[in-house]
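None of the figures in this text is laboratory data; all of them are computed from the coordinates on show. Model, not experiment: these values are computed from the prediction. As a convention, Cβ positions derive from the backbone with ideal geometry for all residues, glycine included, and neighbour counts pool all protein chains shown.
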Amino acid sequence: MKTSYFAINGQHPDAVAICATVPNFYKGKRYKKLAPTWGIFKEWKESGNDTRYTERYIKEVLDKLDSAEVYADLGEDAILICYESSEKFCHRHIVAKWLKDELGIDIQEVSNGK
């Protein structure tokens, strides 16, 4: 499993969008269980507070999911994608850390389209 973003891997056959909405060009798989709620997203856009976003995302989304089930649903070849570029804060990085903490799976960010 890897993480990336639409601009780099939005056309990859293993891409799985984990956000609430997707760009018009994206026709791939989606896994909305990992999407942040609109409330979390809206507060973050207004405040820019990454810490608060992380706290809310963990409590309101990840704490309600079974990490082993999520990993099984997605599969080991999945590339979890969202909008933000590799160097920017994004919930996919929180998901990667959660899966590492929960299951010991090391998930790398792919920033070159492979």
(message) At 7 Å along Cα-to-Cβ for each site, give me the label-to-label distance between T37 and K97 in nm.
(response) 2.1
(message) Taking Rg and Dmax of the Cα atoms in Å straight from the coordinates, which label in (1) 14.0, 45; (2) 13.0, 40; (3) 13.1, 35 is the correct one?
(response) (3)
(request) Give the residue from P36, L74, V22 lying farthest towards the positive end of the charge dipole for region 2-109; charges sit on Cβ (+1 for Lys and Arg, -1 for Asp and Glu) and the dipole is referred to the Cα centre. (result) V22
(message) Could you work out [θ]222 nm for the chain from helices alone, using -39500 (n - 2.57) per DSSP H run of at least four and dividing by all its residues? Round to the nearest 500 deg cm²/dmol.
(response) -11500 deg cm²/dmol
(request) Run the dipole for the chain about the Cα centre, Lys and Arg Cβ at +1, Asp and Glu Cβ at -1, nothing else charged, and hand back the magnitude in debye, nearest 20. (result) 440
(message) Using Cβ counts within 10 Å as a stand-in for footprinting exposure, how do R52, R30, R92 rank, fewest first?
(response) R52, R30, R92
(message) What's the longest uninterrupted piece of the chain once you rule out the GluC sites (Glu not before Pro) that are loop residues per DSSP with at most 12 other Cβ within 10 Å?
(response) 1-75
(request) Just grab the label-to-label distance for Q108 and F25, each label 7 Å out from Cα along the Cβ direction, in nm (one decimal). (result) 2.5
